[in-house]
Amino acid sequence: MAKKISKKVRVDFRKNRQNSARQNDFTRQIHADESVIEDIDREQRVSGKGALTRRRTILGEQGEGDHVVLAVDEAACLRGRVISAIGSTQCTVQVDEGQEGSGTRFECTVRRVVRTVARNARNAVVTGDRVLFLPGKNECGVIERVEPRQGIIARGHQYKQHILVANVSQVAIISSADEPPLKPALIDRFVVSAAKGEVRAIIVINKCDLVDVADLQPMIGHYAQLGYTVVAASVPTGLGIAWLRRLLKHQQTVFTGQSGVGKSSLLNAIQPGLSMKTGDISRVTQKGRHTTRFAQLQELSFGGWVVDTPGIRQLELWDVHPAEMEGYFIEFRPFVPGCKFPDCLHLVEEGCAVREAVKQDLISQIRYESYIRLVIGDD
Ligand code: GDP
Ligand code: ZN
């Protein structure tokens, strides 16, 4: 572990108080404890003279990368997990196990400095974050610090990256053996997305009751050989459900997959009532606004969390550059150095060792086709 060095971190603040005071009534209600934030801000202000920005110095620690771990009064704070976040200013936080009030949910605002030290303010606090917050009255609180994240599901690139869920330990890629038919290219796309987010992938082939499972064995064997866990499942017969429960236990899992493959059915088989319907989401946000991208953690009774959100079920999670795609197809790796051109994309180039390996059946034709579709973006 890298040694943490305590150092002062200086940040710029845009002078936007006037604007924020004119937010609509609803927002003001939600931010009922905004005065708390205002007070903190005032206390910490060093100089308020600048026209556009004011500077202040905050004691923090430079953590991994450019993550700033803010120094806070830990004794006054509670630790929790962000169950849902809207626009990184309003979140529901559940108090961690082993603490006073564990399991209680607080409606939290976000201390402004937390947004200021984030590389991208939009991602300051996201669903799945582990946070320290200052509890106030009526189960309201203020998030004081966001802990470093491990495993994220995001879309976009670097600075424009939009983090949908943080601290995801695995992605369950749900597909169906039939109705809709199995689409290996789609599975591979999710596998690449998971790898890019540094998240483990579990491949689930649901609706196995509709086919002869023996027919799936070559495919299951193939992914297993590549190091992925492959679960054959069926909701009506119960196949694979107990195994899925074991795989989900104490993990934070995002469910992804095409519509109709049985994600909701599987979740309800794993734990009755688990799958969330869109109507419930609206109720939680109290807004009835467009909620399709709104991620929410669902607690598992046997430990762990799942995220099943319509908006992140099917999407292209990450933009992967064509040149980095080969790195996510692990079976290509031994052959890549053999290509004639170092920047070979393994499409039509002369002297391509990957294509040669496909010809000789050393790389699966199906996987190679997935690779092509991902590189040329045709899906
Ligand atoms: P989602 O869109 O991925 O959440 O899929 P749903 O859970 O809504 O399921 C879509 C349809 O597939 C529903 O009619 C389910 O009853 C059906 N279904 C789900 N799982 C299975 C399964 O294992 N076997 C069969 N035969 N049907 C299933
Ligand atoms: Zn090549």
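The values are calculated or read from the model by the stated rules, or taken from the named source; none is laboratory data. In this text, all values refer to a predicted model and were calculated from it rather than measured experimentally. Reconstructed Cβ throughout: ideal geometry from the backbone, glycine too, with neighbour counts over all protein chains shown. Heavy atoms of the whole protein, side chains included, go into the accessibility calculation; ligands, DNA and RNA do not. Shrake-Rupley method; radii C 1.70, N 1.55, O 1.52, S 1.80 Å.
Considering only the stretch 246-277, state which residues are outside any helix (DSSP H, G or I), closer than 21 Å to residue 191 by Cα and either within 14 Å of ligand 1 (Cβ to nearest atom) or not assigned by TED's automatic domain parsing to the domain that holds residue 175 (or both).
254, 255, 256, 257, 258, 259, 260, 261, 262
Quick one: in the stretch 195-221, of everything that is in contact with a Phe, Trp or Tyr (Cβ under 9 Å, 6 or more places away or on another chain) and in a helix (DSSP H, G or I), which residue is nearest to residue 265 (Cα to Cα)?
Going through the qualifying residues, I end up with 195.
Filter the stretch 178-197 for residues that are open to solvent by less than 20 Å² (accessible area, probe 1.4 Å) and farther than 21 Å from residue 373 by Cβ and give the result. Write out each step before concluding.
Residues of the stretch 178-197 that are open to solvent by less than 20 Å² (accessible area, probe 1.4 Å), as a first pass: 187-188, 190-194, 197.
None - no residue of the stretch 178-197 is open to solvent by less than 20 Å² (accessible area, probe 1.4 Å) and farther than 21 Å from residue 373 by Cβ, so the list stays empty.
Could you list, in sequence order, all residues of the stretch 155-188 that are in a helix (DSSP H, G or I) and in contact with a helix residue (DSSP H, G or I) (Cβ under 6 Å, 6 or more places away or on another chain)?
Going residue by residue through the stretch 155-188, those that are in a helix (DSSP H, G or I) are 158-160, 184-188.
Across the stretch 155-188, the qualifying residues are 184, 185, 188.
Looking at (1) more than 10 Å from ligand 1 (Cβ to nearest atom); (2) open to solvent by 40 Å² or more (accessible area, probe 1.4 Å), which one does residue 221 not meet, given that it meets all the others?
(2)
With the requirement that a residue be surrounded by 13 or more Cβ atoms within 10 Å (Cβ to Cβ), hydrophobic (A, V, I, L, M, F, W, C) and either more than 34 Å from the chain's Cα centre (by Cα) or more than 8 Å from ligand 2 (Cβ to nearest atom) (or both), what does the stretch 348-361 give you?
Here is the first cut: in the stretch 348-361, the residues surrounded by 13 or more Cβ atoms within 10 Å (Cβ to Cβ) are 349, 352-358.
Right, trim to hydrophobic (A, V, I, L, M, F, W, C) and you get 352-354, 357-358.
Within the stretch 348-361, 352, 353, 357, 358 qualify.
Hey, among 265, 234, 259, which residue is open to solvent by less than 30 Å² (accessible area, probe 1.4 Å) and away from ligand 2 (no atom under 16 Å from the Cβ)?
Numbers: 265 fails: open to solvent by less than 30 Å² (accessible area, probe 1.4 Å); 259 fails: open to solvent by less than 30 Å² (accessible area, probe 1.4 Å).
Every option except 234 fails the conditions.
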